[in-house]
Amino acid sequence: MDRKQTVEVSQDIEASVWRTANWLNKPSLYQTFTDGSLEMVTDSHTDFWRETHYGFIRDSGHFLGFATLGSFTAQVRINADFRELYDQAGIMVRLNEETWLKAGIEFNDGMPMISSVLTQGTSDWAPSCFSGDPTDFWLRVTVSDGVLRLQYSMDGITWPLLRLAPFPKAERYMVGPMCCTPERQGLRVKFSEWSLSQPLGRDLHDLS
């Protein structure tokens, strides 16, 4: 990526999908590619958090949100080299600055962990050990009928449940790639295989 300027592919149909989304805190450095992937590099001290334990509010993380018409399933592949405390990248679902979920790999206590934060006024945090390759993983989120279902995959084939939670019903959500580095700048993240569709409607224990 050219560190001197932001580059966007303007001719390719695959790359143009990202231009249908809207930035919250657009990073200084990002680029789209002809294979439909997106790379971004985090700015300094970026984060999403509300109050719990720390007492502060942060809404400075990078988020590229696609508008949905009600219920949906969204899916994305993430590649990044997580190295520093709280380095994180994954997916976000957002109603407003007080109501959102972010999920992905987050570097914590010296290791990359699979993590989710659900915020409804204040944030919670649910990290757990990740047995796969943290530099290459997938996330899928489904919101339907007031329920949020979060899944992850280590191979793009099998999708264990990461979280099931109530989430407000709405006519419109924003969903898309997210990344933050609360303690530094310069995490390079690649997002690919993005899809947004009607809810899959699969049984809770269907891991396909």
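Only the coordinates and a few stated rules stand behind these numbers; no lab work does. Everything quoted here is computed from the prediction, not taken from an experiment. Because the Cβ atoms are built from the backbone with ideal geometry, glycine has one as well, and the counts that use them run over all protein chains shown.
What whole-number volume per residue, in cubic angstrom, does the convex hull of the C-alpha atoms of segment 37-136 give? Spelled out: Cα convex hull of segment 37-136, divided by residues, is 117 Å³.
An oblate overall shape is assigned to segment 29-75, the ratio a/c of its alpha-carbon gyration tensor axes (a ≥ b ≥ c) being 1.5 or greater and a/b not exceeding b/c.
For a distance above 21 Å, tell me the whole-number percent of Cα pairs in segment 102-208 that qualify. Considering segment 102-208, 38 percent of its Cα-Cα pairs are separated by more than 21 Å. Full extension of the chain between Ser192 and Ser208 yields a length gain of 3.8 nm, computed as 0.36 nm times the residue separation minus the alpha carbon distance. For the pair Arg58 and Thr122, label points projected 7 Å from Cα toward Cβ lie 1.8 nm apart. Full extension of the chain between Asn25 and Met111 yields a length gain of 28.3 nm, computed as 0.36 nm times the residue separation minus the alpha carbon distance.
With each label modelled as a point 7 angstrom along the Cα→C-beta vector, the Gln185-Leu200 pair spans 3.8 nm. Only Lys, Arg, Asp and Glu carry charge here, each on its Cβ (+1 for the first two, -1 for the last two); on that basis the chain has a dipole of about 320 debye about its Cα centre. Assuming charge only on the beta carbon of Lys and Arg (+1) and of Asp and Glu (-1), the dipole of segment 143-208 about its Cα centre is about 260 debye to the nearest 20.
Could you name the aspartates and glutamates in cross-link range of Lys26, using Cα to Cα under 19 Å and dropping any fewer than eight places away on the same chain? Counting by Cα, and skipping residues close in sequence, Lys26 has these aspartates and glutamates nearby: Asp2, Glu8, Glu39, Asp43, Asp47, Asp59, Asp87, Glu97, Glu183.
Highest-first packing order for the peptide set 69-78, 111-120, 173-182 is 173-182, 111-120, 69-78, based on the mean count of other beta carbon atoms within 10 Å. Coordinate range of the alpha-carbon atoms in the chain per principal axis, descending: 45, 41, 33 Å.
One decimal place: the segment Ser16-Ser44 gains 7.4 nm when fully extended, by the rule 0.36 nm per residue minus the C-alpha distance. Work from the charge dipole of the chain (Cβ charges, +1 for Lys and Arg, -1 for Asp and Glu, about the Cα centre) and give the residue of Trp194, Phe72, Ser128 farthest towards its positive end. So the residue we want is Phe72.
With helices as the sole contributors, the chain gives -500 deg cm²/dmol at 222 nm; each DSSP H run of n ≥ 4 counts as -39500 (n - 2.57), and the sum is divided by every residue.
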